[in-house]
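One structure below.
The values are calculated or read from the model by the stated rules, or taken from the named source; none is laboratory data. Keep in mind the model is a prediction, meaning the values are calculated, not measured. As a convention, Cβ positions derive from the backbone with ideal geometry for all residues, glycine included, and neighbour counts pool all protein chains shown. In case anyone asks, the SASA skips ligands and DNA or RNA and just uses the protein heavy atoms, side chains included. Shrake-Rupley method; radii C 1.70, N 1.55, O 1.52, S 1.80 Å.
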Amino acid sequence: MHSVVLLALIAYRFDAPVSRHVVDAMQEETTRILERAGIEFQWWDRNSPIPMPEASQIYVLGFHGHCGPISSADSVHAPLAVTHVVDGEVLPFSDVDCDQIRATARNAFGFPRDLAKREEAFGRALARVAAHELVHSITKSAAHGRRGVARAAFTQDDLTADEFSLAPEDVDRVRDCFR
Ligand SMILES: [Zn+2]
């Protein structure tokens with residue numbers, strides 16, 4: 001049995017300058033979550049020149065607000081992210097709200113004291129939200145799973161736990177879309 005891989009070019013952009021630790025952790029955790037479903041990533045920061053495209057699909061991710069662990073934010077009960085849908089069709093465009101993620105995680109990113117570690121933890125939280133939206137875009141479906149990264153709503157724990165992954169049934173659902 002040969003394994004089929006979807007090579008996805010992620011065209012991402014942060015509204016404001018962001019720590020390298022956040023970006024690296026976001027990319028690593030997104031890869032970790034979705035590689036089990038057969039997705040490989042090529043990353044393109046849209047503030048830099050486009051790389052030689054190798055991918056068959058492009059997905060656009062925008063990160064808005066303050067994308068770092070430092071200041072606190074008030075919850076306004078807005079979604080953590082949204083993937084755009086037009087006329088019932090799920091598009092490969094997602095917007096992630098960093099302020100809302102910090103608010104949902106409350107003060108969890110205040111620890112540990114090491115700033116780089118906090119930035120990595122914040123980057124992992126971004127990745128979990130981004131991976132959730134990418135599941136919508138890759139499967140072209142608004143459906144949610146019952147547990148794990150594809151669940152409809154995330155808790156503080158989901159964002160900050162050491163481990164948070166796609167449930168096996170959702171791994172299969174993603175794979176079935178492109179094999
Ligand atoms: Zn969703």
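Below, the figures for the structure above:
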read-out	value
Where Arg113 falls short, out of the listed (1) within 13 Å of the ligand (Cβ to nearest atom); (2) in a loop (DSSP other than H, G, I, E, B)	(1)
Residue that is farthest from Leu80 (Cα to Cα), among those in segment 148-178 that are surrounded by fewer than 14 Cβ atoms within 10 Å (Cβ to Cβ) and within 14 Å of the ligand (Cβ to nearest atom)	Ala152
Which numbered condition Gly68 misses (of (1) touching a His at 6+ places or on another chain (Cβ under 8 Å); (2) buried (at least 19 other Cβ atoms within 10 Å of the Cβ); (3) small (Gly, Ala, Ser))	(1)
Segment 1-37, residues that are surrounded by 19 or more Cβ atoms within 10 Å (Cβ to Cβ), in contact with a Lys or Arg (Cβ under 9 Å, 6 or more places away or on another chain) and in a loop (DSSP other than H, G, I, E, B)	Ala37
Residue pairs meeting the criteria (Cβ under 7 Å; at least 6 apart or on separate chains; first within 16 Å of Asp24 (Cα to Cα), in segment 105-118; second open to solvent by less than 70 Å² (accessible area, probe 1.4 Å) and at pLDDT below 75)	Arg118/Pro112
Checking Ala161 against (1) within 21 Å of Leu6 (Cβ to Cβ); (2) without any contact (Cβ under 8 Å) to a residue 12 or more places away in the chain, the condition it does not meet	(1)
Of all residues in segment 103-127 being open to solvent by less than 50 Å² (accessible area, probe 1.4 Å), more than 14 Å from the chain's Cα centre (by Cα) and not small (Gly, Ala, Ser), the one that is modelled with the lowest pLDDT	Phe109
Residue that is farthest from Ala108 (Cα to Cα) [pool: residues in segment 153-167 that are touching a Gly at 6+ places or on another chain (Cβ under 9 Å) and not in a strand (DSSP E or B)]	Ala167
Single match in Val96, Val129 (criterion: within 16 Å of the ligand (Cβ to nearest atom) and either in a strand (DSSP E or B) or without any contact (Cβ under 8 Å) to a residue 24 or more places away in the chain (or both))	Val96
Filter result (among the hydroxyl-bearing types (Ser, Thr, Tyr) and either more than 13 Å from the ligand (Cβ to nearest atom) or under 16 Å from Leu34 (Cα atoms) (or both)) within segment 132-147	Ser137, Thr139
